[in-house]
Amino acid sequence: MKYLTYIIYFLLQLSNSDEAQQIRARQELKPIAPITASTVDMSLAANSDSIFINEILWRNNRKLNWQDFTAEPDHYSNFSAITSTYLEEEHGCSDDGDFIYHVRAVFVKDLSWSRDHYSADLLAHEQIHFDITEYHARKLRLYFESLQNPCGMPQELIEFTVDSLFNEMAKAQMLYDEHTYHGLDKSNQKTWADFVDRQLEKYEDYQNK
């Protein structure tokens, strides 16, 4: 019997808010057989545009469109749109000493909404929130790939680095909205768009295949 330790983070990026809410859930030592429905489902999800019907995996050839924002707008909110994405990561060691990990950047359709379904500029701003999640997913994959004998090192050290990267991502999401004034500052919006494009290119080898 093999065991895989799951650690899943959800980052709700409120794209027009000054704060991001980070929720962490952990499920440890979940038994899996060498080939099970769970592992098959993970493989399928890794090669699909969505994990669930209301979620979209980041893909180079799959940009967000307004039809993806399916939640009802918050009538008490002053914001034009809300984007919800999360970075999911799972890692652990099997009984055979194999290090196993999965990392995904995910957009949640039924937690994302917009009052304006025509503005290309607003949609581009929301897309970059998703892109920020993706380039941090790539950085995390790079980290996992670079580990030497990860199953022989204290797991607390791995989790410390994972925590640091999630904190970095949360800060980047908040700074993005602050610096661009939620997309209204066109000059800073272009600066951030160029920066995020460079990050995606820098870690291109670690995109989800």
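Among the residues that make up the stretch 174-184, is at least one of them free of Cβ contacts under 8 Å to residues at least 24 places away in the same chain, under 20 Å from the mean Cα position of the chain (by Cα) and either surrounded by fewer than 21 Cβ atoms within 10 Å (Cβ to Cβ) or part of a helix (DSSP H, G or I) (or both)? Within the stretch 174-184, one or more residues are free of Cβ contacts under 8 Å to residues at least 24 places away in the same chain, under 20 Å from the mean Cα position of the chain (by Cα) and either surrounded by fewer than 21 Cβ atoms within 10 Å (Cβ to Cβ) or part of a helix (DSSP H, G or I) (or both).
Among the residues of the stretch 86-99, those identified as surrounded by fewer than 19 Cβ atoms within 10 Å (Cβ to Cβ) and either in contact (Cβ under 8 Å) with a residue 60 or more places away in the chain or part of a loop (DSSP other than H, G, I, E, B) (or both) are Glu90, Cys93, Ser94, Asp95, Asp96, Gly97, Asp98.
Filtering the stretch 78-92 to residues that are within 15 Å of the chain's Cα centre (by Cα) and not hydrophobic (A, V, I, L, M, F, W, C) leaves Thr83, Ser84, Thr85, Tyr86, Glu88, Glu89, Glu90.
All but one of (1) crowded, with 19+ Cβ neighbours inside 10 Å; (2) out of contact with any helix residue (DSSP H, G or I) (no Cβ under 8 Å at 6 or more places or on another chain) hold for Thr83, so report the exception by its number. Only one criterion in (1) crowded, with 19+ Cβ neighbours inside 10 Å; (2) out of contact with any helix residue (DSSP H, G or I) (no Cβ under 8 Å at 6 or more places or on another chain) is unmet by Thr83, namely (2). Restricting the stretch 47-80 to residues that are acidic (Asp, Glu) and surrounded by fewer than 13 Cβ atoms within 10 Å (Cβ to Cβ) leaves a set whose member that is modelled with the highest pLDDT is Glu72.
In this structure, Ala124 does not satisfy being crowded, with 21+ Cβ neighbours inside 10 Å and either touching a residue at least 60 places away in the same chain (Cβ under 8 Å) or in contact with a helix residue (DSSP H, G or I) (Cβ under 7 Å, 6 or more places away or on another chain) (or both).
The values are calculated or read from the model by the stated rules, or taken from the named source; none is laboratory data. Quick caveat, the model's predicted, so the values are computed rather than measured. Methodologically, a virtual Cβ is constructed for each residue, glycine included, from the backbone with ideal geometry; neighbour enumeration extends over all protein chains shown.
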